[in-house]
Amino acid sequence: MLQSQGFGSRKHCQQLIKNGAVSIQDEVVDNPKYNLDLNHLNFEVYGKSHTYREKVYIALNKPQGYECSHQATHHFSVFDLFDDILLNRGIQCVGRLDQDTTGLLLLTDDGQFLQALTHPKKHVAKVYQMQTADPVTDEQIQQLEQGVELRNEK
């Protein structure tokens with residue numbers, strides 16, 4: 001259970017238990033094979049309270065200047081905004097927003113949910129709103145409707 005919640009490798013989680021760092025309902029758990037009821041499970045690691053969650057779903061208002069990449073090259077990574085426990089769960093962005101774009105970004109560790117929203121065969125519609133510094137002309141709209149070439153790809 002601890003590993004699925006992002007507390008580290010199985011071996012590390014076993015060591016947490018053996019060191020007495022884990023408690024459930026104010027009782028220290030010292031047996032790594034302790035039988036758990038995961039429904040509504042609250043537990044503590046080093047005195048900090050946590051609630052068991054089978055999957056994680058995050059709605060982030062992505063700030064400007066952050067890339068949707070684990071290994072950002074030119075800007076901060078949105079993953080810098082989360083603690084190691086969430087990162088260890090393997091959260092991923094559901095789609096991407098450019099570094100200069102702000103707005104709703106979903107993140108999850110639920111692979112099926114991620115695929116259901118992002119796989120091209122699923123045809124999930126997305127709506128984007130934008131503000132421009134200058135008015136957009138009809139000619140610019142026509143150019144966009146014809147497709148924009150990025151890296152020799154339309």
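The values are calculated or read from the model by the stated rules, or taken from the named source; none is laboratory data. Note that the structure is predicted; figures quoted are calculated from it, not measured. FYI the Cβ positions are ideal-geometry reconstructions off the backbone, even for glycines, and counts take in every protein chain you see. Quick note on the areas: whole protein, heavy atoms, side chains included, nothing else; ligands and nucleic acids left out. Shrake-Rupley method; radii C 1.70, N 1.55, O 1.52, S 1.80 Å.
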Exercise for review: Quote the relative contact order of the chain in percent (integer), defining contacts as alpha-carbon pairs under 8 Å separated by 6+ residues.
Suggested key: 18 percent
Point to revise | Percent carbon-and-sulfur accessible area, the chain, ignoring ligands, DNA and RNA, probe 1.4 Å | key: 46 percent
Exercise for review: Whole number in Å², please: accessible area per residue of segment 82-154, 1.4 Å probe, ligands, DNA and RNA not counted.
Suggested key: 86 Å²
Revision key, fill the gap. To the nearest Å², the heavy-atom accessible area per residue of segment 1-69 with 1.4 Å probe amounts to 69 Å²
Study note, to complete from the structure: From highest to lowest solvent-accessible area (probe 1.4 Å; ligands, DNA and RNA excluded), Phe113, Phe43 read Phe113, Phe43
Practice item. Give the accessible area for Thr137 in Å² (nearest 10); use a 1.4 Å probe, count only protein heavy atoms, and leave out ligands, DNA and RNA. Key: 70 Å²
Check your understanding: With point charges of +1 on the Cβ of Lys and Arg and -1 on the Cβ of Asp and Glu, referenced to the Cα centre of the chain, which listed residue (Thr108, Phe79, Val45) lies farthest in the positive direction of the dipole?
Key -> Val45
